[in-house]
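What follows is a short report on a single structure.
The values are calculated or read from the model by the stated rules, or taken from the named source; none is laboratory data. Keep in mind the model is a prediction, meaning the values are calculated, not measured. Cβ sites come from the backbone with ideal geometry, for glycine too, and all protein chains shown count toward neighbours. What goes into the accessible areas is simple: the full protein's heavy atoms, side chains included, and nothing from ligands, DNA or RNA. Shrake-Rupley method; radii C 1.70, N 1.55, O 1.52, S 1.80 Å.
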Amino acid sequence: EAYGDIPFERLPDGGFVLGSPDAPITIVEFADFACPHCQDYSVTMQRFVENYVATGMARLEYRMFISAADPVYGPYTAQLAECAEEQRDGAFWPAHDILFELGSRARFNDTTARTLADRLDLNYSELLSCAGSASQYQTDIRVGQAAGIQSTPSVMVRFGEGAPQFIRAGETVFNRGPVPYDLLE
């Protein structure tokens, strides 16, 4: 429901984007559902979505960049999020929120897929079947590595159709870790 009126799309390489195609900037977030720092930062990004993406002032491009936080559930939750979208257009973004919520409560386990399917009214068997081969996170990792991403969460900005770049404030380059909300503003 939180994303009801916000346009969304997938880029030609499969990346997930939320927001108006006419927005002048795109914030590109590289994060991992299983990363505790990313789980904490998801609150900041949700605030950004509410204040800037929902109003058409910016877009959010989310890249699933798997960290070392959890080598099992990092990739698995990324696959589940991708497969939620494969099953129903627009389901990635609510899945994104649910997975961050579950992760922040240390609730990833063998029932994670069932919980996601139930909460989004998805077909559980199809979700599991798809997750076995979903690979968008691998593309997203390559995109992040090519951009110089080294840790999660990391945030970049894209002006128009330009290449993503690290956010700068004076002499400080935010090339790893979260970018404070006031700077995103």
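From the list Gly177, Gly148, Gly160, pick out the single residue that is within 30 Å of Asn51 (Cβ to Cβ), open to solvent by 20 Å² or more (accessible area, probe 1.4 Å), modelled with pLDDT under 95 and out of contact with any Asp or Glu (no Cβ under 8 Å at 6 or more places or on another chain).
Details: Gly177 fails: open to solvent by 20 Å² or more (accessible area, probe 1.4 Å); Gly148 fails: modelled with pLDDT under 95.
It is Gly160.
Restricting the first residue to the stretch 4-28 and requiring it to be touching a residue at least 60 places away in the same chain (Cβ under 8 Å) and in a loop (DSSP other than H, G, I, E, B), which pairs with a second residue that is hydroxyl-bearing (Ser, Thr, Tyr) and loosely packed, with under 15 Cβ neighbours inside 10 Å meet a Cβ separation below 9 Å and a spacing of at least six or different chains?
Gly14/Ser135
Residue by residue through the stretch 124-141, note down the ones that are outside any helix (DSSP H, G or I) and exposed (fewer than 14 other Cβ atoms within 10 Å of the Cβ).
Listed by number, the residues that qualify are Gly132, Ser133, Ser135.
Can you name every residue in the stretch 60-69 that is farther than 18 Å from Glu85 by Cα and either assigned to a strand (DSSP E or B) or at pLDDT below 95 (or both)? First the steps, then the outcome.
So the first thing to find is which residues in the stretch 60-69 are farther than 18 Å from Glu85 by Cα, and the list is 66-69.
Hits for the stretch 60-69 are Ser67, Ala68, Ala69.
Can you find even one residue in the stretch 35-42 that is at pLDDT 95 or above, surrounded by fewer than 24 Cβ atoms within 10 Å (Cβ to Cβ), in a strand (DSSP E or B) and not hydrophobic (A, V, I, L, M, F, W, C)?
no
Quick check on my filter: what residues within the stretch 43-82 are farther than 25 Å from Asp110 by Cα, open to solvent by less than 20 Å² (accessible area, probe 1.4 Å) and among the hydrophobic types (A, V, I, L, M, F, W, C)?
Within the stretch 43-82, Met45, Phe48, Val49, Val53, Ala58, Leu60 qualify.
Scan the stretch 142-153 and report the pairs whose first residue is part of a loop (DSSP other than H, G, I, E, B) and whose second residue is open to solvent by 90 Å² or more (accessible area, probe 1.4 Å) and of a type outside the set (D, E, K, R), with Cβ atoms within less than 7 Å and a gap of 6+ or a chain change.
Close Cβ pairs satisfying both conditions: Thr152/His37; Pro153/His37.
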